[in-house]
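Inspection log for the structure reproduced underneath, given as structure tokens.
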Amino acid sequence: MPAKVGGSPAKHFGRQMRKARQAAGMTLREFCARTGVNYTSASLVENGHRPPTERLAQACDSVFSGWRGWFSEYYEDSKSWVPAGFRSWSEYEDRAKTIHAWSPGIVHGLLQSADYARALIDVEPDSTEEIACARLASRMDRQRRVLLRDDPPRSWLIVDELSLYRRVGSAEVMTGQLRHLVGVAALPHVTLTVMPAVEHPGNASGFVVTEEAAYAEHAAGGFTYTDEEKVYALGLRFDTLRAESYRASESLALLERVTKIWAAGASPLTPEATAGTA
């Protein structure tokens, strides 16, 4: 049973899980009763709203033996597409009422356009076409799941001013990215501000904070924190960044000014035209 990775890995796993279950003439409740898997969690995975767990993959293999271990094999393969520390984070993000996010140097994943995200993914040392397509689909799916769901969290997203000047992909890609930022800033549940290019306490890593958990990442990976002390500390660090950011209206004006520069085919840092460069 070959794995097709044209869309989100979570959605593909869920579709195959449903296909196997229906072929076996089994309801989801019957599957959960037989395996001991939580019904709500299984339903979220089957509908593509949550990544699978190792336990669920093993449960599928035990029940759907005709698939010859496909579910565990696919789960193992997906480890190269989704950072290990990030796999449990979606559970907290899915039920968050508030989300605060920051990333130094580049635009945060929740705010990236598809072209900008793909350009960043392509320079990862382990990136292959299959992995890049899966990571991009997962990133875009995350944005829809978090920012565009029916009950979206109240989100405050801080953009590093330096990321507005760093060319990623091309001038055309940067133009599209900045226009995307303006569009996200217009969402009623989103406040988007820009952190000036000055000293601040958020240089070490990007991070996301909800009311009950936090996720921070660095060059070697990332980790989901749930203990109150760590969540509070990262929340305090975010508040410090927020206090030093431009106001929302000032941030929007800056985005519009820099967009015009990139749209003209030039870099805000140099007078040379950069359109078409990769």
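The values are calculated or read from the model by the stated rules, or taken from the named source; none is laboratory data. If you're wondering where the values come from, they're calculated on a predicted model, not measured in any experiment. Reconstructed Cβ throughout: ideal geometry from the backbone, glycine too, with neighbour counts over all protein chains shown.
Assorted remarks:
- Qualifying residue in segment 177-198 (condition: assigned to a loop (DSSP other than H, G, I, E, B) and crowded, with 18+ Cβ neighbours inside 10 Å): no
- Scanning segment 118-176 for residues that are in a loop (DSSP other than H, G, I, E, B) and either among the aliphatic types (A, V, I, L, M) or over 30 Å from ALA266 (Cβ atoms) (or both) turns up VAL123, PRO125, ASP126, THR128, LEU148, ARG149, ASP150, ASP151, PRO152, PRO153, VAL168.
- The one condition in (1) at pLDDT below 90; (2) within 30 Å of VAL37 (Cβ to Cβ) that TRP70 fails to fulfil: (1)
- Pair list, Cβ under 7 Å, 6 or more apart: segment 235-263 residue β-branched (Val, Ile, Thr), other residue modelled with pLDDT of 95 or more: VAL258/LEU164; VAL258/LEU178; THR259/THR175; THR259/LEU178; THR259/ARG179
- Qualifying residue in segment 247-260 (condition: modelled with pLDDT of 95 or more, acidic (Asp, Glu) and more than 21 Å from GLY169 (Cβ to Cβ)): yes
- Residues of segment 200-235 classified as under 18 Å from VAL107 (Cβ atoms) and in contact with a Lys or Arg (Cβ under 7 Å, 6 or more places away or on another chain), total: 1
- Within segment 201-232, the residues that satisfy the criterion of being part of a loop (DSSP other than H, G, I, E, B) and touching a strand residue (DSSP E or B) at 6+ places or on another chain (Cβ under 9 Å) are GLY202, ALA204, SER205, THR210, GLU211, ALA213, THR226.
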